[in-house]
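This report refers to the structure that appears directly beneath it.
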Amino acid sequence: MPSSTPMNDPQQDRPQPGAVVIADLSGLGTQIRTMRKAQQLRIDDTAALCGVSLDLLSRLENGKGGVGSDKLLAVLDGLGLAMVIAPKQDALMARLPRA
């Protein structure tokens with residue numbers, strides 16, 4: 001019986017982004033890269049879309065510091081991501097996976 005998804009579908013091998021608790025800059029970078037790739041965007045196209053430099057987006061994806069909060073928020077918004085701030089004891093936090 002044929003499958004509705006082709007066996008060699010590259011989308012099938014890609015991790016899909018979802019809500020996750022971020023503990024460090026490396027985890028943040030991984031989530032940003034995962035979302036960019038899920039949207040099949042090249043890093044240079046994403047930088048232009050978000051209004052940031054290629055160098056800044058690369059540093060962000062690689063978990064490096066020195067990225068201003070305004071630029072971080074621009075990248076998150078451009079990729080359709082949101083930052084949520086919650087107390088560690090909140091019930092929501094217990095249900096989310098850790099990056």
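The values are calculated or read from the model by the stated rules, or taken from the named source; none is laboratory data. For clarity, every value in this text was computed on a predicted model and none was experimentally measured. Here Cβ is always computed from backbone atoms with ideal geometry, including for glycine, and neighbour counts include all displayed protein chains. Surface accessibility is based on the protein's heavy atoms, side chains included, excluding ligands, DNA and RNA. Shrake-Rupley method; radii C 1.70, N 1.55, O 1.52, S 1.80 Å.
Observations on the structure shown:
- Assuming charge only on the beta carbon of Lys and Arg (+1) and of Asp and Glu (-1), the dipole of the stretch 59-99 about its Cα centre is about 200 debye to the nearest 20.
- Residues in the stretch 36-80 average 54 Å² of solvent-accessible surface per residue, probe 1.4 Å, ligands and nucleic acids excluded.
- Amide hydrogen proximity for Val21: with H placed 1.01 Å from N in the peptide plane, the residues at 5 or more positions away or on another chain lying under 5 Å are Arg98, Ala99.
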